[in-house]
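A short worksheet on the structure shown next.
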Amino acid sequence: MIALGDVRVHVLSDGGFALDGGAMFGVVPRVLWERTDPPDAQNRVALGLNVALIETRGARILVDTGLGNKWSERETRMYRIDRSASLLRSLSELGLRPDDVDVVINTHLHFDHAGGNTRLVDGQLRTTFPRARYVVQRGEWHDATHPHERNRASYLEANYVPVAESGQLDTVEGEVEVAAGVRVVPVGGHTAFHQMVVVEGGGETLVVPTDLLPTASHLPLAFVMGYDLFPLGTLEAKRRLLRRAADEGWSILFYHDPRIRIARVRREREQYVLSEVRA
Ligand SMILES: [Zn+2]
């Protein structure tokens, strides 16, 4: 747990999985990324699912919900899904139940970010957090419900249509304060309406950029995922984020890093370097 004034941030885990290393690093050659992220026999690299639980005075907020547990055996093998940790077990270790979550922010609706939005109860799809409102950019909602050939594999309706059906969907446009000290900020790049989360308290700032900067290995500006629909958008948003984070001493939470969860960034000569923050 780290504290920013009155605001507390826990990093929960929904386990891990693995995706093709080439797709994770875009145009960067394997000889460069395999040093930090050694691939397995199927060229997959290990990824974490680090879910932020933000506790303000008035609200408990989750940033994304991991992969969830609606996966077939075939998919579990394909994505090397590791359920040795789960979001709900991580919550219960803090003494919290799904009912205790007030807000779920979905940075976007890809399956590795919205998978735990819903779950199967007696064969029926239900929202996992029955009291929460689920905050999504309106444009992301539109794109997820109108997928095309390039993004269809990432959007699984079972993760978000039940949220609208239960009346829990809260679509927002642009930068919005979700709770005191917690803002969503659209950044684009990965998807047209991808948003990051900025937490401020006690003069400190923590950002949760999720797929704008998925792991610590993605720190060099050119390390942009092949999955990104608008890679130049990612590049520019990442340039702005890192400059500000280094200038103002922000901490960054890495949603997909299998090792580092939170780090502070600084500039050394022409490079950005991290120092891990132990929660
Ligand atoms: Zn992701």
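Could you pull the accessible area for Y79 with a 1.4 Å probe, rounded to 10 Å²?
Y79 has an accessible surface of roughly 40 Å² with all protein chains in place.
Take the Cα atoms of the chain, build their convex hull, and give its volume per residue in Å³. Show your work: numbers first, answer last.
Working: hull volume 35.3 nm³, N = 279.
With only Cα atoms used, the chain gives 127 Å³ per residue.
Hey, can you find the accessible area per residue of the chain for me, probe 1.4 Å, expressed in square angstrom?
45 Å²
Based only on Cα atoms, what Rg/Rh ratio does the range 83-144 have, Rh being taken as Kirkwood's radius? List each step's numbers first, then the result.
On the way: Rg = 12.5 Å, Rh = 12.7 Å.
Rg divided by Rh gives 0.98.
Does the range 140-252 classify as rounded, prolate or oblate by the C-alpha gyration tensor (a ≥ b ≥ c root eigenvalues; a/c under 1.5 gives rounded; else a/b over b/c gives prolate, otherwise oblate)?
Judged from the Cα gyration tensor, the range 140-252 comes out oblate (a/c at least 1.5, b/c at or above a/b).
What part of the accessible area of the chain, given as a whole %, is carbon or sulfur when the probe is 1.4 angstrom?
The C+S portion of the solvent-accessible surface of the chain is 49 percent.
Could you give the distance between the Cα centres of the range 185-200 and the range 207-226, to the whole Å?
With the range 185-200 and the range 207-226 each reduced to a Cα centre, they are spaced 12 Å.
Highest mean first, what order results for 130-141, 145-156, 183-194 on Cβ atoms within 10 Å?
On the way: 130-141: 20.2, 145-156: 13.0, 183-194: 21.9.
Output ranking for 130-141, 145-156, 183-194: 183-194, 130-141, 145-156.
The values are calculated or read from the model by the stated rules, or taken from the named source; none is laboratory data. What you see is a predicted model; the values in this text were computed from it and never measured. Cβ coordinates were reconstructed from backbone atoms using ideal geometry, including for glycine residues, and neighbour counts include every protein chain displayed. Note: areas computed on protein heavy atoms with side chains; ligands, DNA, RNA excluded. Shrake-Rupley method; radii C 1.70, N 1.55, O 1.52, S 1.80 Å.
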